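Q: Sending over a structure as structure tokens; questions will come in a sec.
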Amino acid sequence: MKATAIIILHLFFLSFSCSNTGGVSKLEQETNEAIEKAIGKTSDEFYGKLDQLLTLEIASKVAGYSADQAKKEYSKFLKDPATHSVSYLWDKGRIKKVNNPITNKAMNVPIDDFVKISWVRNTTLDKFKFDYHTPTVEEIEKANEAMDAKLNEMVGEGKVTKDQADLSKGMANGLMEGQSFIPVTHLGDHAMWNTKYKQLKVFYRGLEFEITVEISDSESLNKQKSIEVAQRIIKENL
């Protein structure tokens with residue numbers, strides 16, 4: 001499963017990068033140049049220290065919960081530091097209705113309320129805007145072509161099996177399907193709300209980060225709290 005997760009992430013971002021007419025190399029070159037000239041923080045400063053960016057104090061104040069009751073989780077599932085995350089969770093007895101993939105029936109499961117930061121990395125404003133925009137039909141078609149080409153290459157090199165490739169493509173398509181972003185004004189240098197995954201993407205002085213807050217079944221409240229978290233991070237730690 002770990003190998004499959006890596007393949008999925010790789011394909012997901014590679015596919016959309018390749019759908020850009022400027023090409024991957026141009027985007028990477030611009031990103032590297034921006035990092036060299038960065039006047040703000042670099043992502044390396046927070047490697048293994050994301051809790052210094054999203055602190056327990058910020059999370060608990062915005063969530064409105066006691067810091068003493070929080071459970072902290074620091075995820076380093078993949079090697080890439082950009083995929084690492086830190087979360088603060090509270091057991092408030094909330095129940096969420098989810099679909100059982102086996103029976104295809106809705107079921108109620110207990111879930112924690114949480115505040116989370118992830119995807120901390122350096123980038124350019126142009127690349128940020130490209131990465132987090134609602135993809136067009138043409139872009140999705142190009143992304144699928146790029147994904148097919150990469151999967152065929154990996155199968156041919158023996159890096160993955162045909163079954164792994166098919167599974168990865170299906171899951172990557174699931175990530176791409178229904179992607180939609182709307183702008184959030186007066187936050188950092190640029191910010192977008194992911195309406196599919198209910199996540200806030202923020203760009204500020206060459207640094208990108210993602211905030212996810214789920215303390216309610218209300219998307220509008222979770223979005224409002226995500227914005228508050230991002231504002232405090234920028235004001236207090238960036």
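Values quoted throughout were computed directly from the atomic coordinates according to the rules given, and no laboratory measurement underlies them. Everything quoted here is computed from the prediction, not taken from an experiment. Because the Cβ atoms are built from the backbone with ideal geometry, glycine has one as well, and the counts that use them run over all protein chains shown.
Q: Looking only at segment 204-238, which residues have a backbone nitrogen under 20 Å from a spot 7 Å from the Cα of Glu57 in the C-beta direction?
A: 226-238
Q: Between segment 90-118 and segment 193-231, how far is it from one alpha carbon centroid to the other, in angstrom?
A: Each part's Cα centre sits 19 Å from the other's.
Q: Still on this structure, I have one more. What are the ³J(HN,Hα) couplings of segment 142-148, residue after residue, when phi is run through the Karplus curve with 6.51, -1.76, 1.60 and θ = phi - 60°? Round to Hz, x for glycine and proline.
A: Ordered by residue, 3J(HN,Hα) equals 5, 5, 5, 5, 5, 5, 4 Hz.
Q: For segment 200-210, just list the computed ³J(HN,Hα) in residue order, Karplus coefficients 6.51, -1.76 and 1.60, θ = phi - 60°, integers in Hz, with x standing in for Gly and Pro.
A: Coupling constants for segment 200-210: 9, 9, 10, 10, 8, 6, x, 10, 10, 8, 10 Hz.
Q: Can I ask one more? In the structure displayed, which of Lys49/Lys71; Lys127/Lys201; Lys61/Lys196 lie more than 20 Å apart, Cα to Cα?
A: Listed pairs above 20 Å: Lys61/Lys196.
Q: Ranked from highest to lowest mean number of other Cβ atoms within 10 Å per residue, what is the order of the peptides 127-137, 69-79?
A: The peptides rank, most packed first, as 127-137, 69-79.
Q: Leu221 versus Asn237, label points 7 Å from Cα toward the beta carbon: distance in nm?
A: Label-label distance for Leu221 and Asn237, simple model: 2.4 nm.
Q: Please list, short to long, the whole-number percent of alpha-carbon pairs of segment 81-238 in consecutive 5 angstrom bins beginning at zero.
A: Going from the shortest bin to the longest, the percentages are 2, 8, 13, 16, 17, 16, 14, 10, 5, 1.
Q: Something else now. Once label points are set 7 Å from the Cα along Cα→Cβ at both Gln69 and Glu145, what is their separation, rounded to one decimal in nm?
A: Here the modelled spin labels are 5.5 nm apart.
Q: Which whole-Hz ³J(HN,Hα) couplings does segment 56-64 yield from phi under the Karplus relation 6.51 cos²θ - 1.76 cosθ + 1.60, θ = phi - 60°, glycine and proline marked x?
A: 4, 4, 5, 4, 5, 5, 5, 6, x
Q: Among 57-63, 172-178, 140-146, what's the highest-first ranking by average C-beta atoms within 10 angstrom per residue?
A: Ranked from most to least packed, the peptides come out as 57-63, 140-146, 172-178.
Q: Can I ask one more? Could I have the simple spin-label model distance between Thr185 and Thr161, label points 7 Å from Cα toward Cβ, reported in nm to one decimal?
A: 5.4
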